[in-house]
Amino acid sequence: MNLNYRRTRLTPILRNLTKEVVVSTEKLIQPLFVVEGLSKKEIIPGLTGVYRETTESLLTQIEGDLEKGVKSFLLFGVPAQKSDKNFSYDFTSTQISAIKKRFGSEVFLSVDVCLCSYTSHGHCGILNDSMDHVINDQTVDSLAKCALAYAQAGADCVAPSDMMDGRIRAIREILSKNKLDQTILMSYSAKFHSGFYGPFRVAADSAPKGEMKLKDRATYQIDPANPSDAYRSSLRDAEEGADILMVKPGLPYLDVIKDLSTKIPLPWAVYEVSGEYAAIELMAEQNLINRERAHLEAWTAFFRAGASMVITYGARNAREWMSKAQ
Ligand code: PBG
């Protein structure tokens, strides 16, 4: 009997041959932030290598990313005008058209569908008069219109991250009615009420703000202690017509990725969120860990747990980091 397991670990060639999980840039999705009215691109604290882009720098950035082997993107549009209920999706739609006009089918463009960058209070939907509750169905109405506008502008994929009930059905219906049968619908189906979203909210200008009773997103995002809620919500979104489901964040929820991807036979995305990415970056800056190895190890864990694709702020550096981490 062969009890010598070190034999297959001996050389890089053997280690590569025996790898059960291979990470490649084709499996990674790069988030992009584009901010209306910005005159110069801005750094985002904690998210090294990621910027709040101007409408011009956005296109240059994508061009550079394509050269680094990244083909898939997740766009977040941040409009200048904030409102409480009547939203204009024009700014983000214009950016989508510009990207597709320039790059066509070279890029797979997903667009985040949510209202948190649009509302004056930062919640992901429309609030009632006493500002203590997000009104579900009215929000779903706006989200469906938003998704339609993005899809009509040329988005290859719309990705609702708001966590309202019934939004997948509403979006699928409105897309079908408008003959947009090829638009992919990626649901943030298992999105937890996480403490790891900090750097993102600065980037997207989307933290709940101002004087109101509803201080956080606990009444719509999933409680970290409730994996069965993540299962129910994902199952429902699959039934309502999602093409791709998602677990978010990643590393603290590996058990959920494993469990749900085994139970529901759709492609699964994992979102390595801003706080997870920043944690590695900050440790690396302090020379506490090796940046390249840590990022690759996190991505490997997502694929090992059952992900088909990973959304990560490091996608554009992945090729370089992976060659160093070998
Ligand atoms: C909300 C949204 C969030 C992220 C993407 N879309 C989080 C939130 O504010 O609840 C988080 C992404 C990240 O942290 O990287 N629409």
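Looking at the stretch 147-154, can you tell me whether even one residue there is more than 19 Å from Leu185 (Cβ to Cβ), assigned to a helix (DSSP H, G or I), at pLDDT 95 or above and open to solvent by 70 Å² or more (accessible area, probe 1.4 Å)? Before you say what the answer is, go through the steps one by one.
Residues of the stretch 147-154 that are more than 19 Å from Leu185 (Cβ to Cβ), as a first pass: none.
There is no residue in the stretch 147-154 that is more than 19 Å from Leu185 (Cβ to Cβ), assigned to a helix (DSSP H, G or I), at pLDDT 95 or above and open to solvent by 70 Å² or more (accessible area, probe 1.4 Å).
Could you grab the pairs with beta carbons closer than 8 Å, sequence gap of 6+ or different chains, first residue in the stretch 195-211 and touching a residue at least 60 places away in the same chain (Cβ under 8 Å) and within 9 Å of the ligand (Cβ to nearest atom), second one open to solvent by 30 Å² or more (accessible area, probe 1.4 Å) and among the acidic types (Asp, Glu)?
Close Cβ pairs (under 8 Å, with a partner that is open to solvent by 30 Å² or more (accessible area, probe 1.4 Å) and among the acidic types (Asp, Glu)) amount to Pro208/Asp216.
Just for helices (runs of 4 or more DSSP H) wholly inside the stretch 223-326: which have at least 1 residues that are within 15 Å of the ligand (Cβ to nearest atom) and open to solvent by 20 Å² or more (accessible area, probe 1.4 Å)?
Details: elements: 227-239, 254-263, 274-285, 291-305, 318-325.
Here the list reads 274-285.
Taking the stretch 15-73 only, how many residues are open to solvent by less than 70 Å² (accessible area, probe 1.4 Å), in a loop (DSSP other than H, G, I, E, B) and more than 19 Å from Ile99 (Cα to Cα)?
Counting residues in the stretch 15-73 that are open to solvent by less than 70 Å² (accessible area, probe 1.4 Å), in a loop (DSSP other than H, G, I, E, B) and more than 19 Å from Ile99 (Cα to Cα) gives 8.
With respect to Asp132, determine if the residue is surrounded by fewer than 17 Cβ atoms within 10 Å (Cβ to Cβ), part of a helix (DSSP H, G or I) and away from the ligand (no atom under 16 Å from the Cβ). Break it down stepwise before answering.
Details: surrounded by fewer than 17 Cβ atoms within 10 Å (Cβ to Cβ): yes; part of a helix (DSSP H, G or I): no; away from the ligand (no atom under 16 Å from the Cβ): yes.
Considered against the rule, which asks whether it is surrounded by fewer than 17 Cβ atoms within 10 Å (Cβ to Cβ), part of a helix (DSSP H, G or I) and away from the ligand (no atom under 16 Å from the Cβ), Asp132 comes out as no.
Of the residues that make up the stretch 137-145, is at least one open to solvent by 10 Å² or more (accessible area, probe 1.4 Å), in contact with an Asp or Glu (Cβ under 9 Å, 6 or more places away or on another chain) and within 13 Å of the ligand (Cβ to nearest atom)?
no
Can you tell me which residue is farthest from the chain's Cα centre (by Cα) among those in the stretch 188-217 that are open to solvent by less than 10 Å² (accessible area, probe 1.4 Å) and within 20 Å of Val78 (Cα to Cα)?
Checking each candidate, the answer is Arg217.
The values are calculated or read from the model by the stated rules, or taken from the named source; none is laboratory data. Keep in mind it's a predicted model, so treat the numbers as computed, not measured. Quick reminder, even Gly has a Cβ in these numbers, built from the backbone with ideal geometry, and neighbours come from all protein chains shown. Remember, those area values only see protein heavy atoms, side chains included, never the ligands or the DNA or RNA. Shrake-Rupley method; radii C 1.70, N 1.55, O 1.52, S 1.80 Å.
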